[in-house]
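Below: the structure, in structure tokens.
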Amino acid sequence: MTTTALTHLTQLVTNDPSLGEGPLGLIQDAAVVIDGDRIAWVGPSSKTPATDNAVDAGGRSALPGFVDSHSHLVFGGDRTQEFNARMSGRAYEAGGIRTTVAATRAATDDQLSANVAHYLAEALRQGTTTFETKSGYGLTVEDEARALRIAGEHTDEVTYLGAHIVSPDYADDPAGYVDLVTGPMLDACAPHARWIDVFCEKGAFDGDQARAILTAGKRRGLLPRIHANQLSYGPGVQLGVELDAASADHCTHLTDADVDALANSATVATLLPGAEFSTRATWPDARRLLDAGATVALSTDCNPGSSFTSSMPFCIALAVRDMRMTPDEAVWAATAGGARALRRTDVGRIAPGARADLTLLDAPSHVHLAYRPGVPLVSGVWRKGVRVA
């Protein structure tokens, strides 16, 4: 294998407190050595060991590649008209998903795969090196299974979300749809997914239905995660914690009991500020969760209806500005926090043995991600040791 040193980094975020200062494990005037697809060494630039190649960072800073643990990228069409109407004063309604369901069913496999590839490449250029994505816009056995097959061509983090909404085909028989999701659809989809998810919300699936769906998935070896408490207070967070879900996502409307449950569990609260930005909804209170001791992740929720952004830097800026996170907290949440939400230890950090995923910023510090919102600061991306952007 070839070794490469990235030297003269003004600042390096390692997310390993044993390697540097504070929770981010910051090292000033740092260097990183990549050996194959792994990190081999980190430390002061002056002590960089000999390598086959060297890249002078020229005073830029680096951090782990972003870990986007929640996206919906297997879809057809777009919902420009819905967004335009909503920004003109019409309230967001979850029923808009049905528009995407129709377009997704009509799309070919090649069209869907090209769409996923396009948005993942877009995210990669902005520093995202680990991606989770879901089904959920097919809502038939065949369309959900093909969505997962297509997602699996692009990422290992694939989530079965047949329980996104009740299929329009079962509008008068939601119990029948739950039976489908937990029976024939699960049988077809389980071989292609790592995770199972459910939208536990008024207008989607109630607590009992969500419990049945996640429990069925667990029996088939899928790991649970849950869309919880986005539009209203509800049982989603508590159910996620009870079932040891890796992540409860959205967490916008939380009771004190919900916050306590998250703080005293391994379930990560994944916050999706792009959704609130795009729907003018109430911001999740990250400060409340963090002060209680909960683990917080940030993700894009990239989807064509309620959060059509693939930019983790944008979500970091929103989290700092509108969700009361510090820049350090937001960067940790977008890297190590996302890794926790996917129960991964090989990504989200820059330390010996970790996967060599790095994002190089044309800035002296990670703080610039929030300090200079909207500016394309990412000047280089390495994924599995290969410079890809």
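The values are calculated or read from the model by the stated rules, or taken from the named source; none is laboratory data. These figures come from a predicted structure and were not determined experimentally. Reconstructed Cβ throughout: ideal geometry from the backbone, glycine too, with neighbour counts over all protein chains shown. Quick note on the areas: whole protein, heavy atoms, side chains included, nothing else; ligands and nucleic acids left out. Shrake-Rupley method; radii C 1.70, N 1.55, O 1.52, S 1.80 Å.
Things worth noting here:
- The spread of Cα positions in region 314-356, taken along each principal axis and listed from longest to shortest, comes to 35, 17, 14 Å.
- Proportion of all alpha-carbon pairs of region 296-389 beyond 22 Å (%): 28 percent
- Relative to the longest principal axis of the Cα atoms of the chain, helix 97-106 runs at roughly 90 degrees.
- DSSP bridge orientation in region 196-355 - percent antiparallel, rounded to nearest 5: 5 percent
- DSSP bridge pairs, region 7-75: antiparallel proportion in percent, nearest 5: 75 percent
- Each label was represented as a point 7 Å from its Cα along the Cα-to-Cβ direction; for ASN264 and SER232 these points are 2.8 nm apart.
- Accessible carbon and sulfur surface of region 143-299 relative to its total accessible area, %, 1.4 Å: 48 percent
- Note: relative contact order over region 189-252, using C-alpha pairs below 8 Å and six or more positions apart, is 33 percent.
- Largest GNM mean-square fluctuation across HIS227, HIS118, HIS250, computed for the chain with C-alpha springs under 10 Å, falls on HIS118.
- Where N is the number of residues in region 275-315, Cα Rg divided by 2.2 N^0.38 Å: 1.28
- Taking the C-alpha atoms only, the angle from helix 207-219 to the longest principal axis of the chain is near 60 degrees.
- Ellipsoid equivalent to region 26-128 - semi-axes via the Cα gyration tensor, in Å: 44, 18, 10
- In the chain, Cα pairs under 8 Å separated by at least six residues give a relative contact order of 20 percent.
- Sorting 211-222, 291-302 by average packing, meaning the other beta carbons within 10 Å per residue, from highest down gives 291-302, 211-222.
- Region 187-242 versus region 296-347: alpha-carbon centroid distance in Å: 21 Å
- Computed helical MRE - 222 nm, the chain, DSSP H runs ≥ 4 contributing -39500 (n - 2.57), nearest 500: -9000 deg cm²/dmol
- Against the compact-protein benchmark of 2.2 N^0.38 Å, the Cα-based radius of gyration of region 128-280 scales to 0.99.
- Most fluctuating residue given options ALA210, ALA330, ALA190, as computed from a GNM of the chain linking Cα atoms under 10 Å: ALA190
- Antiparallel DSSP beta bridges within the chain, as percent of all bridges there, nearest 5: 45 percent
- Taking Cα centre as origin and charging only the Cβ of basic (Lys, Arg, +1) and acidic (Asp, Glu, -1) residues, the dipole magnitude of region 43-126 rounds to 300 debye.
- Convex hull volume per residue for region 217-333, taking Cα atoms only, in Å³: 102 Å³
- Distance-filtered residues of region 342-357 - backbone nitrogen under 17 Å, label point 7 angstrom along ARG38 Cα→Cβ: 345-357
- For q = 0.10 Å⁻¹, Debye-computed log10 I/I(0) when each Cα of region 84-203 counts as one equal scatterer: -0.33
- On Cα atoms only, tilt of 109-125 relative to the major axis of the chain in degrees: 40 degrees
- Summary of packing: across the peptides 99-107, 352-360, the per-residue average of other C-beta atoms within 10 Å ranks them, highest first, as 352-360, 99-107.
- Pairwise FRET efficiency - TYR371 versus ASP52, Cβ, R0 = 51 Å, nearest 0.05: 0.90
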